[in-house]
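This report concerns only the one structure given below.
Bear in mind that the values in this text are calculations on the coordinates, not laboratory data. Keep in mind that this is a model prediction, so the values were computed, not measured. Positions of Cβ are generated from backbone atoms using ideal geometry, with glycine treated the same way; all protein chains shown enter the neighbour counts.
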Amino acid sequence: MTLQTDYIGKPTSRVDGPAKVTGTAKYAAEYNVPNLLYGYVVSSPIAKGKITKIDAAPVLALPGVQQVFSHENVPHYALLDRSYKDQIAPGGSPFRPLHDAEIKYSLQPVALVVADTFELARYAASILHIEYEEAAHETELSQHIDEAYEPGRGKAGYQPPKSRGNFGKGWKEGVAHMEAQYSHHAQHHNPMEMFATTVEWLGDKNLNIYDKTQGAFNSQLLVTKVFGLSKDQARVISKYTGGGFGSGLRPQYQLLLAVMASLQLERSVRVSLTREQMFSFGHRAETLQHVALATAADGSLTGINHFAVAETSQFEDFTENVVGWSGMLYNCKNVELGYRLAKGDIYTPLDMRAPGAASGSIALEIAMDEMAYAAGLDPLEFRLRNYSDIDQAQDLPYSSKALRKCYHEGAAKFGWEQRTPEPGSMRDGNLLVGWGMGGGVWDASKMPATVKASLDADGHLTVSSGTNEIGTGTYTIMTQIAAESMGLPIEAVTFVLGDTTLPQSPIQGGSWTAASVGNSVVEACTKLGEALLKQAQKMDHPAFKDAKIDDVQFANGQMRLRADDTQAVVLRDVVQASGEPKIDAENSTVLAKLEMLKPPRYSMHAHNAVFVEVKVDPELMTVHVTRVVNAVAAGRIINPKTARSQVLGSVVWGLGMALMEESVMDHRFGRYMNHSLAEYHVPVNADIHDIDVVFVSEEDDKVNPLGIKGLGEVGLLGVAAAVANAIYHATGKRVRDMPITIDKLL
Amino acid sequence: MSQVTQAPPPVALAPTQPVSLTINGQAHTLQIAPWTTLLDALREYLDLTGTKKGCDHGQCGACTVLVDGKRINSCLSLAVMQEGSEIQTIEGLGSEDQLSPLQQAFIDHDAFQCGYCTPGQICSAQGLINEGKARTEAEVRELMSGNVCRCGAYSNILSAVMEVVGRELKIEN
């Protein structure tokens, strides 16, 4: 029987919707605390060398300029690299802003001008005279592949790819073969909100730090380590984040600059980056990839070889799983995988939506299309013949895997059976029509998260955890889960997040927030239920006298006996009877932490299959993506409304990757030249046509109690490749270098 | 090899001056430097932070406000240029208790995720409705293309705007 207070799985409008559509939702640069100073960052025009002179005097002479900070006057707060490592810092030596005269990359922050107004700080920064001694830089990945090396395991969670079997043997066994090189350029996250930190000086080094981040606790960790502040002194608040996509996983330099300036000047300070400066920290690493596939006469894969070289900075080894997915998505005994890094004079790359997988799936999924053609098979049929029922990379069964359903339901919705295989064989009037497909796999992870649940005497439930809202719907789905868990109407529940004074939560990334925080919400509510039952047993309710927590149910605002639901007590009355203003409970993360230490018994992953239609003008070679069907198997969907939006967004990202997104480095200057939204092209409304999202049913009682797999990244996989494959089908042109701009088709 | 940044010589700073603005029907007088943009005037001097800064170069549309009913990028206008105009921001379109039809439609169609571009999207949509330009889906897509949404909520933005446009057209007929 469905209860009135069942919310999980129901399409629910965002609880933070009214705040977002009326402009009352506050982002980091919008806390207008009194007596605020404004910091403006000056960026290096050279890619390598050193600062020889900073002439701050004329700037300091301007009335209203408070200070010009540079390596010449910023104290060295912390000595060790360790102090500069945030939760997900890769191996190496983290960048320290305004630390010394050395220039490591173009657009590196070299000074911070602090003034009474934003206008003055901006102007003062523009007249700051700095001299540099330039050194020869190297930014072109293809020019130093020979120096590429296998990275260590510096970054938490990174596993080097594992080969198996004998690819050489598999290649020889094959009767059909393909081999090709693939590449894509650097991409920048470009969330709409630019990075900013407002530091409110409360006196005596006590700070409220409003930061743009995907992890308030990560920002706090870095600030406390670098500046030697206590957690109480460095409270980080992040109620809304205007897009993350991975850019906010590591705290960015404006955080350290704003805190430094606040501590030095003993004032409140805001530092906002410009859109140009949004290209001055992490990005999706450029990769050069090689894939070779071989098939037997029946179309089964006899060998898979996938090798990638990715760029990293001179100072950190940024690693991501680019090729590992190629060892698990399809059934094959002989798999050879390789991943190397090459250093350049750039900033360290950074996780960007579906890091590694989005890059690797471009190569693998175009290669699969090429192989299907070489083997004379339909691309969907080819994938079905190579369906992998177990995770061969880990040699583990899947906790669940409904990818076959994604293939079938996606293809049916798209009308794939109408496809004629020959390139250029389908037309819409004058336009060339192409149908292509792709897909992918992404980890279903869960991290320890602490949640507090608190019911007050008015019957209002407040559930809190220091997680983040980056647009993924965290406020909403946690409210749904809490409301259903306590059997309360959704209006009687508030979820609070984004504050380091709340119970600790992991960074918002890895598609793990719904599972990590969601299951912890259930645990905290269960604890609260136990406390309420205990209290009810003190009241005059004989029916509950010997009841255990499993004997009661929370529904429709009441606690009632499962065996006899007429035996019920209103939750509000229980709190009132306690004489306390509220009853609190918090979950424990001990078991979750122990669970992480155990070897896994199942491979836990989400999957998707994407079908794309393009229409190409045969003379102008303009490409329009007219239809996309993205079928996703991601376990239980808590909120189909917000979940659909996440996948819609992923498709938009995939179209961007396929057709326009590219940070263009001018290697003469070692600088990204298109550092603006006018020249770094992202899809706009007119680029987007029909997108259909299908969630196939996938029940999973092993992945975590709620059966959630996460949705932030899986929807992006295979989208760019499917577009490339559709363009091949339309035009006969196989483009292996993303983005597929018109010049590559003419 | 050495390089010198060619910084311009300091100029005499222009003094602040009073600037009178009518925003959401309310008169305000600010004492600000004349090079203050309308966007910064709203956000930094009037605490009207619903209008967003996404690029400061007129490239993203996050700062869209209505001036005499028409859409403008407030980052491309100095505040002083808008003396005597009727400026409407997202805060003036509706409130959490009394949402405008577009604001309600954006919630109903889940036409946003992070919410940062949303006020600009809604102001743009309101502007094109005011201007009587949006009739078909293709027109709305085109006319809303000056507002970048990195979360990729475009399909839902289109549905939300079409719902309100459809209602307006019905009333007209």
| Cα shape, the stretch A:502-657, gyration tensor, a/c 1.5 rule | prolate
| For chain B, projected area of the alpha-carbon convex hull averaged over all directions, nm² | 13.4
| task | Once every Cα of the protein assembly as shown carries one equal point scatterer and solvent is ignored, give the base-10 log of I(q)/I(0) from the Debye formula at q = 0.07, 0.09, 0.10 Å⁻¹, two decimals. | result | -0.58, -0.97, -1.20
| query | If contacts are Cα pairs under 8 angstrom and at least 6 residues apart, what is the relative contact order of the stretch A:624-730 in percent? | reply | 48
| task | Quick one: Debye curve from the alpha-carbon atoms of the stretch A:251-401 only, equal weights, vacuum; give me log10 I(q)/I(0) at q = 0.14 Å⁻¹ to two decimals. | result | -0.77
| query | Can you list the lysines whose alpha carbon is less than 16 Å from that of A:K172, not counting same-chain residues fewer than 8 positions off? | reply | A:K333
| said: Only helices at least 24 Å long along their own axis, judged from Cα atoms, and with Kyte-Doolittle mean hydropathy of -0.5 or greater: name those in chain A from DSSP H. | reply: A:357-375, A:513-538, A:640-659
| Within 10 Å of each Cβ of B:24-31, how many other protein chain Cβ atoms are there on average? | 0
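So what's the stretch B:101-172 giving for Rg/Rh, alpha carbon basis, Kirkwood Rh from the mean inverse pair distance?
My calculation puts Rg/Rh at 0.92.
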| message | Please compute, for the alpha-carbon atoms of the stretch B:17-92, the extent along each of the three principal axes and give them in descending order in Å. | response | 29, 24, 19
| note | Inter-chain shielding metric for A:109-117, i.e. average beta-carbon neighbours from other chains within 10 angstrom, reads 1
| Shielding by partners - mean other protein chain Cβ count within 10 Å, residues of A:268-278 | 2
| query | Mind checking which lysines have their C-alpha under 20 Å from A:K53, skipping anything on the same chain fewer than 8 residues away? | reply | A:K104
| task | Calculate for chain A the 222 nm mean residue ellipticity that helices alone would give, adding -39,500 (n - 2.57) per DSSP H run of length 4 or more and normalising by residue count, nearest 500 deg cm²/dmol. | result | -7500 deg cm²/dmol
| request: Please work out, to two decimal places, the log10 of the ratio I(q)/I(0) at q = 0.12, 0.14 Å⁻¹ from a Debye calculation in which every Cα of the stretch A:559-610 carries one identical scatterer. | output: -0.68, -0.75
| Ranked B:H57, A:H188, A:H290, A:H607, criterion: other C-beta atoms within 10 Å, fewest first | B:H57, A:H290, A:H188, A:H607
| query | In nanometres, what is the gap between the two model label sites at A:E580 and A:T52, each 7 Å from Cα along Cα-to-Cβ? | reply | 6.9
| Point-to-point label distance, B:A27-A:D666, nm (Cα→Cβ direction, 7 Å offset) | 5.0
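What does the extension gain come out to for A:K744 and A:T622, with contour length at 0.36 nm per residue minus their alpha carbon separation?
Working it through step by step, the gained length comes to 42.8 nm.
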| query | If the cut-off is a Cα-Cα distance under 15 Å, which aspartates and glutamates reach A:K744, setting aside same-chain residues fewer than 8 apart in sequence? | reply | A:D617, A:E619, A:E661, A:E662
